[in-house]
1. Identify the residue in segment 40-78 that is out of contact with any helix residue (DSSP H, G or I) (no Cβ under 7 Å at 6 or more places or on another chain), under 16 Å from G88 (Cβ atoms) and not hydrophobic (A, V, I, L, M, F, W, C) and, among all such residues, is most open to solvent (accessible area, probe 1.4 Å).
2. Looking at L468, is it open to solvent by 30 Å² or more (accessible area, probe 1.4 Å) and either in contact (Cβ under 8 Å) with a residue 24 or more places away in the chain or out of contact with any Gly (no Cβ under 7 Å at 6 or more places or on another chain) (or both)?
3. Looking at (1) hydrophobic (A, V, I, L, M, F, W, C); (2) more than 27 Å from K393 (Cβ to Cβ); (3) open to solvent by less than 30 Å² (accessible area, probe 1.4 Å), can you tell me which one L474 breaks?
4. List the residue pairs whose Cβ atoms are under 9 Å apart, where the first residue sits in segment 85-109 and is in contact (Cβ under 8 Å) with a residue 24 or more places away in the chain, the second is of a type in the set (D, E), and the two are 6 or more positions apart or on different chains.
5. Out of all the residues in segment 442-465, which are aliphatic (A, V, I, L, M), crowded, with 18+ Cβ neighbours inside 10 Å and out of contact with any strand residue (DSSP E or B) (no Cβ under 9 Å at 6 or more places or on another chain)?
6. Under 7 Å between Cβ atoms, which residue pairs at least 6 apart in sequence (or on different chains) link something in segment 493-514 that is touching a residue at least 12 places away in the same chain (Cβ under 8 Å) and charged (D, E, K, R) with a partner that is open to solvent by less than 30 Å² (accessible area, probe 1.4 Å) and in a loop (DSSP other than H, G, I, E, B)?
7. Looking at segment 284-295, can you tell me whether even one residue there is open to solvent by 60 Å² or more (accessible area, probe 1.4 Å), in contact (Cβ under 8 Å) with a residue 24 or more places away in the chain and either outside any helix (DSSP H, G or I) or farther than 20 Å from K433 by Cα (or both)?
8. Which residue pairs have Cβ atoms closer than 7 Å, lie 6 or more positions apart in sequence or on different chains, and pair a first residue in segment 327-347 that is in contact (Cβ under 8 Å) with a residue 40 or more places away in the chain with a second residue that is basic (K, R)?
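The values are calculated or read from the model by the stated rules, or taken from the named source; none is laboratory data. What you see is a predicted model, and the numbers here were worked out from it, not measured in a lab. Positions of Cβ are backbone-derived with ideal geometry, glycine not excepted, and every protein chain shown enters the neighbour counts. Heads up: the accessible areas ignore ligands, DNA and RNA and are worked out on the full protein's heavy atoms, side chains in. Shrake-Rupley method; radii C 1.70, N 1.55, O 1.52, S 1.80 Å.
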Amino acid sequence: MATNYINQISPETTVFDIGKYSAAPKEVPVLPLRDTVLYPHAVLPLTIGRESSVELIHSLGEEKIIAVAAQRDSSQENPQPSDLYDVGTLAIVHKIIRMPNQSLFIFAEGLRRIRLAHFPQQQPFLKAEIAALDETAPEATPEADALRNSVVAIFREVVAASPNLSDELQAMIQTIQEPGRIADFVAGALSSLSTVQRQELLETLDAGKRLEMVNRYLIAERQMLELRSKIESQVQDQMAQGQREYYLREQLKAIQKELGGEEEQREGEDLKQKIAEAGMPEEAEKEALRELQRFSKMSPASAEYTMSRTYLDWLVTLPWSKKTEQPVHIQEAHAILEADHYNLAKVKQRILEYLSVLQLKPEMKGPILCFVGPPGVGKTSLGKSIARALGRKFVRISLGGMHDEAEIRGHRRTYIGALPGQIIQGIRRAGTKDPVFMLDEVDKIGRDFRGDPAAALLEALDPEQNHLFHDHYLDVPFDLSQVLFLTTANVLDPIPDALRDRMEVLELPGYTEEEKVEIARRHVIPRQLEAHGLGPENVEFSGEALQEMIRHYTREAGLRNLERDIAALCRKQARRIAEGGETRLVVDRPAVREALGAPKILPETEVAERTEQPGVAVGLAWTPAGGDILFVEANQMPGKPGLIMTGHLGQVMQESMQAALTWVRSHAAGWNLPPDYFDHQEIHLHVPAGAIPKDGPSAGVTMATALVSLLQKRRVRPRVAMTGEITLTGLVLPVGGIKEKVLAAKRAGIAEIILPRQNAVHVEEDLKPEQLEGLTLHYVRTMDEVMAQALAPEPAGTLARDEIEDSEVTFVP
């Protein structure tokens with residue numbers, strides 16, 4: 001049964017005598033209502049559609065008295081007594097209208113509140129015995145009058161603000177005086193009340209309490225109407241503003257069309273779409289939209305127009321969320337590293353460990369690896385192989401000679417021609433946020449008044465900070481935590497401690513002769529043949545030819561000079577073929593000498609030849625290009641006592657010379673020298689190749705050996721080299737670069753090497769047995785042990801010196 005509730009109350013309702021029902025309850029037909037509550041003194045139009053309800057109306061006599069009760073559950077089609085509320089309203093049906101669809105339309109007027117006590121009949125419709133409920137009127141107090149006036153006033157405001165209530169209700173409520181009737185009138189008029197709230201008001205017999213409840217409902221309704229009015233006002237204002245903006249935009253389009261500005265508008269729309277698709281973080285997107293709004297208001301003739309456009313281009317083209325979606329395969333990566341590089345076992349092991357962790361935890365932060373080694377050992381090419389093994393893009397920038405801090409972090413946008421730093425530029429070139437990024441020559445960064453680029457790298461190369469890397473040009477953080485940073489350096493000393501602490505150092509030592517031959521066969525020769533348009537059938541390199549080039553033309557730690565010499569031989573063969581000569585060349589030792597000229601490196605017999613005279617010793621030195629041998633020459637002459645030091649020596653090396661001389665003089669008695677011998681002798685220590693700077697303490701042992709060899713006139717044994725730092729008490733201290741020095745000694749044809757005993761562990765860790773093949777190592781702790789291993793047996797007659805007559809002290813090695 002659907003009803004359309006309309007409250008119409010006549011001030012003078014029909015007086016119906018119900019006193020007889022109070023004395024003896026009478027059976028009254030019960031009409032169930034869905035979602036509707038009828039109050040006394042109210043007229044309610046009802047549509048009757050249920051068969052039971054239609055039959056109920058037809059059965060009414062002349063009085064047409066019924067009981068009206070609300071259903072607890074409106075979905076019940078055939079409600080039973082338990083489905084109805086106990087308190088209802090006694091009503092009289094004034095008018096019945098038959099509808100075309102067999103339903104009825106009636107007007108029922110509420111008479112008074114009743115309680116449904118018992119249901120003696122349930123079919124074909126409900127009948128109940130009723131009991132009248134008497135209301136309790138409030139006392140006439142100022143508070144009661146104030147409450148009544150408040151309800152009337154608020155109700156009039158609600159009627160005035162509500163479009164669903166007739167204005168006539170304002171006049172009708174003024175004619176009602178009883179508080180109970182006012183409460184019922186308002187409750188029937190408020191459409192916002194639920195059925196439960198209406199039923200609660202119907203069941204409240206205390207008129208004063210019922211008026212208080214209605215007052216609360218009215219206040220809530222007024223607030224709701226005020227809020228609705230405010231929202232409607234805002235919506236209307238927005239609609240008006242939107243219409244105004246639309247009108248202005250249409251005018252602007254017309255003006256821009258006349259001025260040729262449609263392209264700028266389309267450009268702004270394209271940028272807005274690109275910003276939405278870029279996947280920026282919230283902070284970056286907010287800054288991009290702010291700049292776009294500023295850009296859209298600029299004139300194309302403005303000086304800042306191009307600057308703003310360039311900035312937006314950088315923001316939308318950076319790979320904020322683009323990653324390399326390629327799974328990690330350890331076996332495949334291992335095969336790639338083995339195919340691209342020979343040996344380098346430690347470096348490959350570390351890379352494979354990183355890839356293994358990356359396979360288990362894809363979101364891990366990238367490490368910062370630093371490849372340290374001499375030139376030409378494959379540091380840069382190793383980075384390319386790592387990128388290929390990972391399936392990522394490879395980016396390389398060179399830091400050599402960089403002086404400006406803005407090269408790393410970018411310039412402020414206020415500068416003309418400002419751009420982001422090299423790191424952000426590299427990320428943009430890569431197109432992904434997780435490339436392999438190589439910072440080459442990190443040990444050759446400079447610094448001046450423009451800043452320190454090494455300090456600017458601290459943030460980028462710190463895994464705990466680089467997820468919020470701040471470029472001055474972008475002025476928003478960019479996540480670098482998934483970038484695999486690789487750095488290269490020849491030496492670690494120039495790198496600041498703070499920067500070195502952020503990197504994991506992996507050393508790449510120089511290659512042995514055997515390793516160079518193998519690398520040349522696997523990689524260098526095929527690459528150069530292809531570069532010169534030749535094939536294996538045109539040029540064939542023999543093993544002795546490669547050894548000849550390595551020993552006598554390219555004594556180095558790396559392979560660059562060897563590759564140049566191989567390229568020179570390939571060029572000569574290419575010319576021979578182009579001129580119609582022989583198409584095949586077998587490169588042997590004579591062919592190498594014919595093509596490359598005389599050997600550039602002295603033969604291996606040089607060491608033995610130069611140590612034939614006493615006072616010459618062979619030391620081992622470490623250089624950025626790898627290890628090398630070092631000759632130390634000592635001589636003496638009568639004259640003013642003192643020490644002459646030549647050979648472009650550094651401060652530390654000069655101090656080592658003085659320490660060596662002090663130790664020798666303190667043992668003068670052991671050399672069969674008179675106590676005043678050095679008072680009339682001037683000692684000269686010289687390190688040949690005087691144009692090359694030299695420094696470090698590791699030649700102290702060599703200098704002392706040269707001095708003892710000079711004073712005892714005992715030559716140093718041929719093909720013996722040494723290294724170590726000397727103390728004033730004659731102890732031999734450990735030094736660095738042992739692997740490079742040992743390999744350099746082997747390249748130079750050295751057969752025996754004297755090393756500090758504490759460096760034995762470095763030999764075991766860094767050198768393979770095949771690298772030590774053909775070498776004899778002597779580990780020493782004191783200078784006495786050095787002399788026993790280094791000096792040749794004293795020739796006969798050398799102890800009978802003219803200037804030594806009375807000395808009884810002899811030196812026992």
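1. Ranking the qualifying residues of segment 40-78, first place goes to S74.
2. Working: open to solvent by 30 Å² or more (accessible area, probe 1.4 Å): yes; either in contact (Cβ under 8 Å) with a residue 24 or more places away in the chain or out of contact with any Gly (no Cβ under 7 Å at 6 or more places or on another chain) (or both): yes.
It is true that L468 is open to solvent by 30 Å² or more (accessible area, probe 1.4 Å) and either in contact (Cβ under 8 Å) with a residue 24 or more places away in the chain or out of contact with any Gly (no Cβ under 7 Å at 6 or more places or on another chain) (or both).
3. With respect to (1) hydrophobic (A, V, I, L, M, F, W, C); (2) more than 27 Å from K393 (Cβ to Cβ); (3) open to solvent by less than 30 Å² (accessible area, probe 1.4 Å), L474 is out only on (2).
4. Matching pairs, first to second residue: Y85/E203; D86/E203; V87/E203; A91/E109; I92/E63; I92/E109; V93/E109; H94/E109.
5. To start, the set of residues in segment 442-465 that are aliphatic (A, V, I, L, M) comprises 442, 445, 454-458, 460-461.
Within this subset, residues satisfying the condition of being crowded, with 18+ Cβ neighbours inside 10 Å are 442, 445, 454, 456-457, 460-461.
I445, A454, A456, listed by residue number.
6. These pairs meet every condition: R502/L461; R502/D462; E504/P367; E507/G373.
7. Let us first name the residues in segment 284-295 that are open to solvent by 60 Å² or more (accessible area, probe 1.4 Å), namely 285-286, 289-290, 293-294.
Next cut, in contact (Cβ under 8 Å) with a residue 24 or more places away in the chain only: none.
Checked against the condition, which is being open to solvent by 60 Å² or more (accessible area, probe 1.4 Å), in contact (Cβ under 8 Å) with a residue 24 or more places away in the chain and either outside any helix (DSSP H, G or I) or farther than 20 Å from K433 by Cα (or both), segment 284-295 yields no hits at all.
8. Hits for this filter: I336/R388; L337/K348; Y342/R522.
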